[in-house]
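The structure under discussion appears below in the form of C-alpha cells.
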Amino acid sequence: MEISFNPATEAQRRPRPTDESKLGFGSIFSDHMVRIEYSKGRGWHDARVEPYGPITLDPAAMVFHYGQEIFEGLKAYRAKDGGILTFRPEANFERMNRSAARVCLPELPVETGLAALFSMLRADADWIPKTRGTSLYIRPAMIATEAGLGVRPAGEVLFFIIAGPVGNYYARGLEPVNILVEEKYVRANKGGTGEAKTGGNYAASLLAAKEAKDKGFDQVLWLDGATQSTIEEVGTMNIFFLIGDELVTPPLGGSILPGITRDCVLHIARDRGWKVSERTIGIAEIRSAAADGSLREVFGTGTAAVISPVGMLRYKDDTFTVNGRKIGEIAKQLFDEITGIQYGEIPDRFGWVRRVE
Ligand SMILES: *Cc1c(COP(=O)(O)O)cnc(C)c1O
C-alpha cells in the first residue's frame, strides 16, 4: 500500500521540549501522525503520514458507545551512531491483530503497519531524544468510526499512530514499587478480553488502581477472576517471581496480556540456562515463600518501565518485603541486557532490533 506524506508546515509544527532530563510520559506529541482508513468492502485505504491533529468523528461513532478500540505501545531509541532503532515492532503489529480479532476490528497487514510507522519515524526523526534512557514512545491504535447505535462490528474503522518523547523512567534509579494484592476487583476472566490490548480493560482497572493509590500503594497485583487465589499481572505489566533458583511467571491462559517484554525475559533467561517456568502461582505459594525466605525477587515487565522491581507486597493483613526493598540481581541483569539491546549497545543476538533506514 502506498503511504502518502503531507509534511507539517512551520505553523503546524509542535512545541519541542527543551530539556530532555524533564520529559515525563505521554503528554508531548510529535509533528506527525499516521492515519489509515478501513471500510467494509474496500478494505484498508488512504494510508498517510500527516500533521498531528484532532480526529473529527460523528457523535454516533461506535467507539464512543461500545468501546470497540485496541492499542499498542512500543518505542524508538536513538543509537550512539545517531541511528533510529525500534524493538520487535512486528511483534506489536502481530499482537494488535490478535486484539483486533477479539473485538471484531479488521486486521492490518503487519508490513503495512511497519511501513507506515517507519515513514512517520523518518518524518519525526529529530523528535527522538538523545539522552540514554529517553525514547520516543509510539502509540498505534484502532477505533470503530462508523456512525450508528446498533450493536454490531463497525464497518468503518480508523487506524492511527501518534508518538512523543518520553523521559528516563529510572532517572532516579530503579526504585522498587509497593504493591497491593487486589481482593475486591478483578481485571479479567478466561473467555473475556484480558489477553487483548483494548481500552475497556483499562477503564475497568482504574478504580482498583485509584483505591490502591489512596492507600499508599503504587500498583495492584491482579488475581484470577474465578477464584482470586492465583496470580495474573501487576497493574499494566506482567509479573515474575524468583523463588529459590526458579524464575517463574504465570502462563498465558487467556486472561493475561501476552507482553513482549515478558517474552524477552523468558528468552534471555532460557538462553542463559536459568531455571524458568511458566506455571500457575498461588498467592499462598508467595506467602509461604516470603515466610521461609525463598522469595528472592519480584518484578513487573512492560515496555514503559522494561523491568519494575517490587519492593513490597501487601495481601490481606500480611506484608511481604522483597529483597530488603532493593532491586535484585536478576532484575538488574535483565534490565541491563534488554535496554543494552534496545539502544544498540550490545549484540542483538535474538534479532530483535529493526533499524529505521
Ligand atoms: C501492554 C501490557 C503489558 C506489557 O506488554 P509489553 O508488550 O511488555 O509492553 C502487560 N499487561 C497489560 C495489561 C498490558 O496492557
For this session: Taking the residues in segment 65-96 that are basic (Lys, Arg) and within 14 Å of residue 134 (Cβ to Cβ) as candidates, determine which candidate is nearest to the chain's Cα centre (by Cα).
Result: 75
Exercise. Across segment 236-254, what is the number of residues that are buried (at least 23 other Cβ atoms within 10 Å of the Cβ) and either polar (S, T, N, Q) or within 11 Å of the ligand (Cβ to nearest atom) (or both)?
Worked result: 4
Problem set entry | Positions within segment 76-98 being in contact with a Phe, Trp or Tyr (Cβ under 7 Å, 6 or more places away or on another chain), among the aromatic types (Phe, Trp, Tyr) and more than 11 Å from the ligand (Cβ to nearest atom), in sequence order | 77
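Determine whether residue 102 is away from the ligand (no atom under 16 Å from the Cβ) and either among the basic types (Lys, Arg) or in contact with a strand residue (DSSP E or B) (Cβ under 7 Å, 6 or more places away or on another chain) (or both).
Details: away from the ligand (no atom under 16 Å from the Cβ): no; either among the basic types (Lys, Arg) or in contact with a strand residue (DSSP E or B) (Cβ under 7 Å, 6 or more places away or on another chain) (or both): yes.
No: the conditions fail for residue 102.
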Exercise. When you go through (1) at pLDDT 95 or above; (2) farther than 30 Å from residue 228 by Cβ; (3) outside any strand (DSSP E or B); (4) not charged (D, E, K, R) one by one for residue 143, which number turns out not to apply?
Worked result: (3)
Exercise. Restricting attention to segment 294-303, does a residue exist that is surrounded by 22 or more Cβ atoms within 10 Å (Cβ to Cβ), of a type in the set (Phe, Trp, Tyr) and more than 12 Å from the ligand (Cβ to nearest atom)?
Worked result: yes
Exercise. Of (1) of a type outside the set (Lys, Arg); (2) assigned to a helix (DSSP H, G or I); (3) within 16 Å of the ligand (Cβ to nearest atom), residue 185 satisfies all except one. Which?
Worked result: (2)
Exercise. Picking from 322, 310, which residue would you name as being within 26 Å of residue 183 (Cα to Cα), crowded, with 19+ Cβ neighbours inside 10 Å and more than 16 Å from the ligand (Cβ to nearest atom)?
Worked result: 322
Exercise. Given segment 247-350, what helices (runs of 4 or more DSSP H) lie entirely inside it while holding 2 or more residues that are modelled with pLDDT of 95 or more, in the same structural domain as residue 183 (by TED's automatic domain parsing) and under 20 Å from residue 232 (Cα atoms)?
Worked result: 260-271, 283-292
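The values are calculated or read from the model by the stated rules, or taken from the named source; none is laboratory data. Predicted model only: the values in this text are computed from it and were never measured. No Cβ is skipped: glycine too gets one built from the backbone with ideal geometry, and neighbour counts run over all protein chains shown.
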